[in-house]
1. If you take just the strands (runs of 3 or more DSSP E) that sit entirely in region A:1-60, which of them hold at least 1 residues that are under 20 Å from A:K141 (Cβ atoms)?
2. With respect to the numbered conditions (1) within 11 Å of chain B (Cβ to nearest Cβ); (2) open to solvent by less than 80 Å² (accessible area, probe 1.4 Å), which one is the sole condition not fulfilled by A:N174?
3. Output yes when any residue across region B:182-205 is exposed (fewer than 14 other Cβ atoms within 10 Å of the Cβ) and closer than 23 Å to B:A113 by Cβ, and no when none is.
4. Assess whether B:D40 counts as being outside the structural domain of B:F126 (by TED's automatic domain parsing) and in contact with a strand residue (DSSP E or B) (Cβ under 6 Å, 6 or more places away or on another chain).
5. Restricting to region B:98-115, name every residue that is in contact (Cβ under 8 Å) with a residue 12 or more places away in the chain, farther than 22 Å from A:E143 by Cα and within 8 Å of chain A (Cβ to nearest Cβ).
6. Across region A:44-73, what is the number of residues that are in contact with a helix residue (DSSP H, G or I) (Cβ under 9 Å, 6 or more places away or on another chain) and closer than 21 Å to A:P147 by Cα?
7. Please go through region B:116-137 and give me each residue that is among the small types (G, A, S) and either more than 18 Å from the chain's Cα centre (by Cα) or farther than 22 Å from A:H137 by Cβ (or both), ordered by number.
8. I'd like the full set of residues that are surrounded by 14 or more Cβ atoms within 10 Å (Cβ to Cβ), touching a strand residue (DSSP E or B) at 6+ places or on another chain (Cβ under 7 Å) and either within 10 Å of another protein chain (Cβ to nearest Cβ) or not in a loop (DSSP other than H, G, I, E, B) (or both), limited to region B:121-134.
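The values are calculated or read from the model by the stated rules, or taken from the named source; none is laboratory data. Quick caveat: nothing in here was measured; it's all calculated off a predicted structure. Backbone-built Cβ (ideal geometry, glycine too); neighbour counts: all protein chains shown. Remember, those area values only see protein heavy atoms, side chains included, never the ligands or the DNA or RNA. Shrake-Rupley method; radii C 1.70, N 1.55, O 1.52, S 1.80 Å.
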Amino acid sequence: MSDKLRVATASLAGCFGCHMSLLDIDERLLELIMLVEFERSPINDIKQIEPVDVAIIEGGVANTDNVEVLREFRRQSNILVAIGACAINGGIPAMRNHFSVKECLEESYINGIGVLNPMIPNDPEIPLLLNKVHPIHEVVKVEYVLPGCPPSGDAIWTFLTELLEGRPIHFPYNEIHYD
Amino acid sequence: MTQCHFFIDGKDIPFHPGQTIMDAAMTAGIYIPHLCHNPDYEPTGSCRLCLVKLNGRYVSACTRPAQAGGKVENQSEEINQQRKTLLQMLFVEGNHQCPGCEKSGRCQLQAVAYYVGMLSPYFTHFYPNRQLDASHPEMMLDFNRCILCGLCVRASHDGDKKDIFAISGRGIKSHLVINSPSGKLGDSHFNAHDLAASVCPVGVFLPKHKGYEVPIGQRLYDRQPISQVGDVAGQNKPAGRS
């Protein structure tokens with residue numbers, strides 16, 4: 001086993017924009033993989049979560065699968081990081097919180113514009129929606145937060161490098177934004 | 001007129017009797033974070049963001065008259081932490097989804113939160129259910145972002161002399177109401193050029209037929225903090241009005 005820091009990532013109720021932004025660190029990815037070993041992540045398509053040093057979570061908690069994945073990541077990680085608006089405050093998916101799940105499903109699958117064969121999906125493999133979308137800190141303990149929709153590649157780079165060096169993390173003004 | 005002095009973080013600040021700590025600080029170019037304060041209107045001290053310590057006691061800078069020789073603490077870790085907590089409570093009380101808000105980038109709530117270093121809202125979100133009012137042909141009101149600063153109320157009363165807005169209810173049920181037969185903006189005497197439309201520090205007043213006009217990276221608070229750029233209301237002032 002290498003002595004590199006082990007990192008896992010997941011996207012819950014998010015749009016993968018934060019993962020795209022992680023890739024946006026561009027050629028610094030080469031530097032990053034010298035420092036860390038990626039475990040379960042959509043980037044390498046590994047599906048099993050092993051114990052890791054750092055778990056980076058994008059997206060809020062919108063369904064039962066999100067809860068399960070998030071709790072599993074929490075169990076297996078020393079440091080858990082909420083990345084992006086959705087993980088931090090529910091983000092755009094949380095705009096459905098003004099409506100009941102029934103209203104949301106009917107709007108999407110029955111009354112929505114252009115819906116053919118209207119029917120609410122009920123396959124047992126589809127995770128059930130929660131009544132509301134929650135930020136991840138309402139479900140598990142979170143050590144670090146990195147806001148943005150998404151945070152820029154530079155902000156992610158600042159965060160990761162300073163975290164890896166064990167320093168208190170300071171961002172330049174333009175790297176912290178909520179949108 | 002007599003000129004007296006007091007101190008903000010050890011710096012000598014001149015003031016005229018009757019000026020508040022905020023007035024004197026603004027004149028001297030010292031930034032004290034605030035949301036409900038606008039120098040054109042009577043201060044109300046409702047948002048509490050401008051809390052400072054005067055001779056060791058917490059006061060709101062916008063309502064407290066400056067006193068000769070007073071020692072004001074504005075920048076300290078303790079005060080910054082209090083302001084951060086106040087902001088976090090404001091964020092979870094409303095629905096502040098910055099990525100979907102037209103005011104993002106030129107929102108004072110957001111800018112002050114950047115200034116104090118707020119990274120997350122920390123508390124449990126309320127996700128209150130608030131309706132929009134899109135009844136006016138030129139202006140939409142999104143109450144999801146209202147922080148009850150009362151600036152539109154004051155601007156409509158003192159500036160426009162129209163009394164279109166008021167805050168109704170108590171405690172957590174306080175909310176902005178509109179003075180019209182239906183309670184809708186479209187039925188009121190509101191005009192999109194009213195002063196009340198230009199003072200909102202958050203994204204309640206949204207002009208229709210345009211949005212997201214300034215690209216990300218070029219918006220008011222994208223490059224420089226609010227302590228350098230100033231309030232959003234200052235940028236909104238209609239030409240010819242001081």
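1. Of the strands (runs of 3 or more DSSP E) lying wholly inside region A:1-60, those with at least 1 residues that are under 20 Å from A:K141 (Cβ atoms) span A:5-11, A:52-58.
2. (2)
3. no
4. No.
5. Within region B:98-115, B:C98, B:C101, B:S104, B:G105, B:Q110 meet the criteria.
6. Adding up the residues that qualify gives 11.
7. B:S120, B:A134, B:S135
8. Residues satisfying the conditions are B:Y127, B:D133.
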